[in-house]
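The values are calculated or read from the model by the stated rules, or taken from the named source; none is laboratory data. From a predicted model like this one, the values you see are computed outputs, not experimental measurements. Positions of Cβ are backbone-derived with ideal geometry, glycine not excepted, and every protein chain shown enters the neighbour counts.
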Amino acid sequence: MAGTDRSRVSENPGRIAPAIILVEPQLGDNIGAAARAMLNCGLTDLRLVRPRNGWPNANAEAMAAGASAVLERATVHETTKDAVGEFDLVLATTARERDMTKTVLTPKVAAERMKIHLARGGQVGVLFGPERAGLINDDVVLADAVINVPLNPAFSSLNLAQAVLLVGYEWYQISGVPALVSDWESAPPASVEEREYFFARLENELEIAGFLYPPNLAPTIRRNIRNMFNRSSLTDQEVRTLHGVLSALVNVKRDLKRAD
């Protein structure tokens, strides 16, 4: 479909917008098509996690069809955790049920939530999984909520660019509408990096205490812990409080050992 004004190709009507994170994209063509879908919707922050065929990619450039500005700015990350570390709201797109409890949003509702969050000064990232199987649970658990597109249940799969376009379209529709927001009620939300630092400390102490047992269940236990805390939308103040609680418990344990 024609209709591109090249003089405005880099325009971002929302000014501040969510980042798009493609986790282990398999084909350069799909990355290029996703970049084109992003620019259609005024999105320019693209992050790639372990692209299968390497980066940069000639096929991505060819498929982008004028959206090369998005590809040129794209950053590559070794882990999903690294790609989303700075964000304090992460949404994961998924078409299948998971063995964890997450708030489920339609693209329209997700766009409204992102708009309010960004207007308050937060940072947002949206995760999209590999074309063949989608996001793994270890990626989904990093998210505050999931986006699910209501489609024909007998055939609901989307290709990568379609999924990016659907989410991006709903964002674009609301991006020019002023957000009706108040200040943060208490403190800003904690970033993924802040949360993960706490989880690392907590899991280390649980490992020492023998809680992560048997070993074959340890990954599931770790996911459950993360999901439980992430679902509650922790603020940075709450994470600092949790650090204090953990430190107090560890210190009591050490004092008891010394007394023995």
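Collect the residues in segment 23-42 that are surrounded by fewer than 23 Cβ atoms within 10 Å (Cβ to Cβ) and in contact with a strand residue (DSSP E or B) (Cβ under 7 Å, 6 or more places away or on another chain), keeping them in residue-number order.
Listed by number, the list holds a single entry, 24.
Does residue 93 fit the bill of being more than 15 Å from the chain's Cα centre (by Cα), modelled with pLDDT of 95 or more and not hydrophobic (A, V, I, L, M, F, W, C)?
It is false that residue 93 is more than 15 Å from the chain's Cα centre (by Cα), modelled with pLDDT of 95 or more and not hydrophobic (A, V, I, L, M, F, W, C).
Might you check whether a residue that is within 29 Å of residue 234 (Cβ to Cβ) and crowded, with 22+ Cβ neighbours inside 10 Å occurs anywhere in segment 51-73?
Checked segment 51-73: no residue is within 29 Å of residue 234 (Cβ to Cβ) and crowded, with 22+ Cβ neighbours inside 10 Å.
Taking the options 34, 58, name whichever one is among the small types (Gly, Ala, Ser) and free of Cβ contacts under 8 Å to residues at least 40 places away in the same chain. It would help to see each step written out before you state the result.
Working: 34 fails: free of Cβ contacts under 8 Å to residues at least 40 places away in the same chain.
Only one candidate qualifies: 58.
Please work out if residue 122 is at pLDDT below 95, crowded, with 17+ Cβ neighbours inside 10 Å and part of a loop (DSSP other than H, G, I, E, B).
It is true that residue 122 is at pLDDT below 95, crowded, with 17+ Cβ neighbours inside 10 Å and part of a loop (DSSP other than H, G, I, E, B).
Take the conditions more than 18 Å from the chain's Cα centre (by Cα), under 16 Å from residue 203 (Cα atoms), surrounded by 12 or more Cβ atoms within 10 Å (Cβ to Cβ) and without any contact (Cβ under 8 Å) to a residue 40 or more places away in the chain and apply them to residue 218. Does it pass?
Taking the combined requirement at face value, the residue satisfies it.
Among the listed residues 156, 233, identify the single one that is more than 24 Å from residue 117 (Cβ to Cβ), surrounded by 12 or more Cβ atoms within 10 Å (Cβ to Cβ) and among the polar types (S, T, N, Q).
156
Name every residue in segment 27-64 that is under 27 Å from residue 111 (Cβ atoms) and polar (S, T, N, Q), in order of residue number.
Those that are under 27 Å from residue 111 (Cβ atoms) and polar (S, T, N, Q): 30, 40, 44.
Within segment 107-119, which residues are free of Cβ contacts under 8 Å to residues at least 60 places away in the same chain and either touching an Asp or Glu at 6+ places or on another chain (Cβ under 6 Å) or within 11 Å of residue 148 (Cα to Cα) (or both)?
109
Can we say residue 103 is surrounded by fewer than 19 Cβ atoms within 10 Å (Cβ to Cβ) and at pLDDT 95 or above? Before the answer, list the steps.
On the way: surrounded by fewer than 19 Cβ atoms within 10 Å (Cβ to Cβ): yes; at pLDDT 95 or above: no.
Spelling it out, it is not the case that residue 103 is surrounded by fewer than 19 Cβ atoms within 10 Å (Cβ to Cβ) and at pLDDT 95 or above.
Considering only residues of segment 185-215 that are outside any helix (DSSP H, G or I) and without any contact (Cβ under 8 Å) to a residue 40 or more places away in the chain, which is farthest from residue 121 (Cα to Cα)?
214
Here's a check for you: in segment 1-55, which residue that is basic (Lys, Arg) and in a loop (DSSP other than H, G, I, E, B) is modelled with the lowest pLDDT?
Among residues in segment 1-55 that are basic (Lys, Arg) and in a loop (DSSP other than H, G, I, E, B), the one modelled with the lowest pLDDT is 15.
Give all pairs with beta carbons closer than 7 Å in which a residue from segment 128-140 that is within 17 Å of residue 105 (Cβ to Cβ) meets a residue that is loosely packed, with under 14 Cβ neighbours inside 10 Å; count only pairs at least 6 apart in sequence or on separate chains.
Within 7 Å, the pairs are 134/96.
So residue 66 clears everything in (1) within 23 Å of residue 133 (Cα to Cα); (2) modelled with pLDDT under 95 except one condition, right? Which one?
Only one criterion in (1) within 23 Å of residue 133 (Cα to Cα); (2) modelled with pLDDT under 95 is unmet by residue 66, namely (1).
Results for (1) farther than 17 Å from residue 25 by Cβ; (2) assigned to a loop (DSSP other than H, G, I, E, B); (3) not assigned by the TED database to the domain that holds residue 32, shown as yes or no for each residue.
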residue: 127; (1), (2), (3): no, no, no
residue: 131; (1), (2), (3): no, yes, no
residue: 142; (1), (2), (3): yes, yes, no
residue: 146; (1), (2), (3): yes, no, no
residue: 150; (1), (2), (3): yes, yes, no
residue: 153; (1), (2), (3): yes, yes, no
residue: 157; (1), (2), (3): no, yes, no
residue: 163; (1), (2), (3): no, no, no
